Amino acid sequence: MRVRAPELVGRGWLNTDGPVTLRELRGRFVLLDFWTFCCVNCLHVLDELRPLEQRMAGELLVVGVHSPKFVHEADPVALAAAVERYGVHHPVLDDPELVTWQAYTARAWPTLVLVDPEGYVVAQYAGEGHAHAIEALLEELVPVHRERGTLQPGDSPYVAPVVEPTDLRFPASAVPLPGGGTLVADAGHDEVVVLDAAGAVERRIGGFREPNGVCVLPDEVAREVGYDAVVADTVGHRVWGVETATGAARVLAGDGTQWMAGDGTARLSSPWDVAWWRDRLWIAMAGIHQLWTLDPRTGEVAVAAGTANEGLLDGPLSEAWFAQTSRLAPDGERLWIADSETSALRVIEGEPGAEAVRTLVGTGLFDFGLRDGPASEALLQHPLGVTVLPDGSVAVCDTYNGAVRRYDPATDAVSTLAVDLAEPSAAFVDPDDAGVLVVVESAAHRLERVPLGAVAQVDGFAHSTQRPVTEVAADLDLVVAFAPPPGQKVDDRFGPASQLVVEATPPALIRAGDGRGTDLVRTLRLDPTVGEGVLHVAARAATCDDLPPEQAEGAACRMHQQDWGIPVRIVDGAPAALTLPLGGAAE
C-alpha cells in the first residue's frame with residue numbers, strides 16, 4: 001500500500017525565504033534528512049549527500065528536518081549557527097517538538113525518507129552510507145516518473161544566509177605555542193591559524209576540512225620527525241603533521257576517505273582531537289566511538305580503546321564503549337576524556353597494558369543537564385573540552401550549557417567557573433598567567449579569558465531526551481529490515497554479510513537475546529519487573545554490485561550501518577514485534 005508523505009510541520013524554516021510544503025514540491029523527488037547537529041553520523045550524511053544533491057539538482061531536493069536531542073539544539077540561534085557551521089545548503093525545517101519526526105516514525109539520527117514526485121514515501125533508511133542506494137533507486141524511478149509526466153524539475157527554494165566576516169570562524173580548539181602565540185583549529189575557515197602573542201593572525205595554514213583538534217609535540221619528538229604540531233582534520237578524515245613556522249603540512253594517517261567496517265586502520269573516521277600521552281599520539285576517533293594511537297616515528301596506527309559501539313561502558317580499554325569522544329587531556333598517568341554524546345567526563349588510568357576507563361560524571365546517552373555537587377549527581381550537556389588545571393583539578397568546557405565546569409578529584413565534586421559563554425569547546429591555561437583559562441568560545445568566533453578563581457552560581461536542571469517511548473511485549477521479536485539497493489546483492493564472500501548487536505540500559509532489562517550475532521532478526525526476552533529502559537541496537541549489512549562472476553573483481557562494495565537507542569516500556573498486550581528500518585524501498 002502506498003503511503004502519503006505527511007506534511008512538514010515545525011517552528012520555522014532556515015535557508016529559505018518562507019515555509020516549504022510537500023504540496024508545493026510535487027513534481028520533484030524530495031529526500032527528508034532527519035538530523036540533529038550534535039550527531040557525528042548526521043554530519044557524515046550531510047557530506048555524503050552533497051554530490052547527489054549537485055548531480056540531481058533539478059530532480060531531487062534535499063530538505064533537512066532538524067529534530068534535536070539536547071535542549072541547546074532546540075535554541076533557534078544555535079541551530080542557525082550549526083546550519084552555517086556545517087555548510088548545509090538546502091532548506092531546513094526547525095522541528096523542536098519532534099512533530100514531523102513522529103509523523104514519519106523516525107527512530108534514529110540520522111533517518112532519510114525519500115518521497116516521490118506524487119507525494120508518496122518510496123524508501124526509508126537509518127544511519128549513514130546510503131547515498132549510493134538512494135542514487136540507484138532514483139536511477140530506476142526517475143525514468144518511470146518522466147514517462148508518466150509526473151516528474152517536473154524545478155529550482156531549489158534554498159536561500160544562502162548572510163555571513164559576517166571574522167578573523168576566526170567557529171574555532172574548535174587551541175593550544176599555546178612554546179615560543180609564544182597560539183595555534184588554533186579554525187574549523188569554519190578550514191584552516192589552522194597561528195596567532196601572535198597579541199592575538200593577531202600571523203599565519204593561516206589551509207588544506208583541511210573542519211579541523212577540530214591540535215596538539216604540540218615535545219621538542220625532542222618534533223626535532224626527530226620534522227614537524228612540531230599535529231592536526232585532527234575531522235571532515236577530511238586525516239591526521240596531519242604541521243611545521244608551524246613555515247606552514248608546511250604532511251599527512252600522517254588517513255587517505256581522506258571515511259572509515260567503514262573492514263577498512264582496518266588505513267582510513268579514519270572523523271578524528272576530533274589529538275594528544276601526546278605515553279610516547280604516542282592519541283586520537284579521539286569520534287566517528288566510530290574509539291580511541292586510536294599513532295607513533296609519529298614509525299607511522300604505526302592502532303586501535304587503542306573502544307569496541308565501536310556507542311554508549312557508556314567502563315572497563316578494560318578493549319571492552320569500553322565511548323560516544324563521540326571529543327577532547328583529550330593528558331595528566332601524567334591519566335588521560336582525561338570529554339565524551340560528548342553521553343555528557344560524560346571520563347578518565348583512562350592504570351599501568352601501560354592494563355589501562356581501564358572510568359566515568360566520573362555522566363550516566364548515558366539520553367540523560368544530561370546542568371547540576372553541581374557530588375560527581376555521581378552532577379550533570380553536563382554535551383561537553384567538548386577538558387583541560388588539566390595547575391592544582392590538579394580539571395576544567396570541562398560544558399559546551400551546550402555555555403559553561404566552564406570544574407571537577408576536583410580531591411573532593412570528587414563538580415562546580416561551575418563561568419556561564420553565558422557561546423559554545424565553549426576547548427581551553428588551555430595561559431602560560432603567562434596560571435590564574436587564567438583561555439577558552440575557545442566557538443559560536444562567538446573568539447578566544448575568551450576566564451579567571452580560574454571565579455565561582456558561578458547556576459540554576460540547575462536535569463533532562464532526558466524527549467522521544468516517544470515504544471510500548472512492547474516482554475517476548476519481543478526484533479527485526480532490522482534491510483534490502484540491498486538496486487543492482488547490488490548481499491556480500492558474503494568474506495563471511496556473514498550482516499551483524500546485529502543488542503544491549504540494554506539497564507542491562508537487566510534483557511533476560512535473554514542480548515549480545516552479538518549475524519542474523520538481523522532476534523527474539524528478546526525482556527524483564528517485566530524492570531519495566532522500562534533503552535534498547536541499544538547496532539546493525540550493519542554489506543552489499544556489492546551484482547555482476548557476473550567474470551566481472552566480480554571490479555564490484556563496488558558498500559557497508560550500511562546504524563546504531564539505535566530505543567526507549568521502551570513493557571506493557572501487557574503491547575506489540576510483540578519491533579521493526580527498525582536499516583534501509584530499502586517501501587513495500
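The values are calculated or read from the model by the stated rules, or taken from the named source; none is laboratory data. What you see is a predicted model, and the numbers here were worked out from it, not measured in a lab. Every residue, glycine among them, receives a Cβ derived from its backbone with ideal geometry; neighbour counts consider all protein chains shown.
What strands (runs of 3 or more DSSP E) completely inside the stretch 313-377 contain at least 1 residues that are within 24 Å of residue 175 (Cβ to Cβ)? Can you show your working first?
Working: elements: 325-331, 334-339, 344-349, 356-361, 367-370.
Once the strands (runs of 3 or more DSSP E) in the stretch 313-377 are filtered for at least 1 residues that are within 24 Å of residue 175 (Cβ to Cβ), what remains is 325-331, 334-339, 344-349, 356-361.
Search the stretch 290-341 for residues being surrounded by fewer than 22 Cβ atoms within 10 Å (Cβ to Cβ) and hydroxyl-bearing (Ser, Thr, Tyr), and hand back the single one that is modelled with the lowest pLDDT.
This residue is 307.
Please verify whether the stretch 267-279 includes one or more residues that are modelled with pLDDT of 95 or more, among the β-branched types (Val, Ile, Thr), assigned to a loop (DSSP other than H, G, I, E, B) and assigned by TED's automatic domain parsing to the domain that holds residue 223. Lay out the reasoning, then the answer.
Keep residues of the stretch 267-279 that are modelled with pLDDT of 95 or more, which gives 267-279.
In the following step, the residues that additionally are among the β-branched types (Val, Ile, Thr) were identified as 274.
This time we only want the ones that are assigned to a loop (DSSP other than H, G, I, E, B), so: none.
No - not one qualifying residue is present in the stretch 267-279.
What's the number of the condition residue 522 fails, among (1) closer than 30 Å to residue 548 by Cβ; (2) touching a Gly at 6+ places or on another chain (Cβ under 6 Å); (3) basic (Lys, Arg)?
Residue 522 satisfies every listed condition except (1).
Looking at (1) outside any strand (DSSP E or B); (2) in the same structural domain as residue 218 (by TED's automatic domain parsing); (3) out of contact with any helix residue (DSSP H, G or I) (no Cβ under 8 Å at 6 or more places or on another chain), find the lone condition where residue 153 falls short.
In the conditions (1) outside any strand (DSSP E or B); (2) in the same structural domain as residue 218 (by TED's automatic domain parsing); (3) out of contact with any helix residue (DSSP H, G or I) (no Cβ under 8 Å at 6 or more places or on another chain), residue 153 misses (2) alone.
Name the single residue that is nearest to residue 337 (Cα to Cα) among those in the stretch 453-475 being modelled with pLDDT of 85 or more and in contact with a Pro (Cβ under 8 Å, 6 or more places away or on another chain).
Of everything passing the filter in the stretch 453-475, 469 is nearest to residue 337 (Cα to Cα).
Taking residue 164, is it without any contact (Cβ under 8 Å) to a residue 40 or more places away in the chain, over 26 Å from residue 442 (Cα atoms), acidic (Asp, Glu) and surrounded by fewer than 20 Cβ atoms within 10 Å (Cβ to Cβ)? It would help to see each step written out before you state the result.
Numbers: without any contact (Cβ under 8 Å) to a residue 40 or more places away in the chain: yes; over 26 Å from residue 442 (Cα atoms): no; acidic (Asp, Glu): yes; surrounded by fewer than 20 Cβ atoms within 10 Å (Cβ to Cβ): yes.
So residue 164 fails the test.
Do we have residue 207 as at pLDDT 95 or above, on the phi > 0 side of the Ramachandran plot, assigned to a loop (DSSP other than H, G, I, E, B) and not assigned by TED's automatic domain parsing to the domain that holds residue 441 here? Steps first, answer last, please.
Details: at pLDDT 95 or above: yes; on the phi > 0 side of the Ramachandran plot: yes; assigned to a loop (DSSP other than H, G, I, E, B): yes; not assigned by TED's automatic domain parsing to the domain that holds residue 441: yes.
Against the criterion (at pLDDT 95 or above, on the phi > 0 side of the Ramachandran plot, assigned to a loop (DSSP other than H, G, I, E, B) and not assigned by TED's automatic domain parsing to the domain that holds residue 441), residue 207 qualifies.
Matching residues to (1) in the same structural domain as residue 236 (by TED's automatic domain parsing); (2) charged (D, E, K, R):
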| position | (1), (2) |
| --- | --- |
| 158 | no, no |
| 188 | yes, no |
| 195 | yes, no |
| 199 | yes, no |
| 203 | yes, yes |
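Run down 356, 375 and say which single residue is in contact with a Pro (Cβ under 6 Å, 6 or more places away or on another chain) and closer than 23 Å to residue 289 by Cβ.
356
Which condition number in (1) surrounded by 16 or more Cβ atoms within 10 Å (Cβ to Cβ); (2) among the polar types (S, T, N, Q); (3) over 21 Å from residue 487 (Cα atoms) is the one that residue 150 fails?
Result: residue 150 passes all but (1).
Would you mind telling me which numbered condition in (1) closer than 24 Å to residue 558 by Cβ; (2) under 19 Å from the mean Cα position of the chain (by Cα); (3) surrounded by fewer than 21 Cβ atoms within 10 Å (Cβ to Cβ) residue 74 fails?
Unmet condition: (1).
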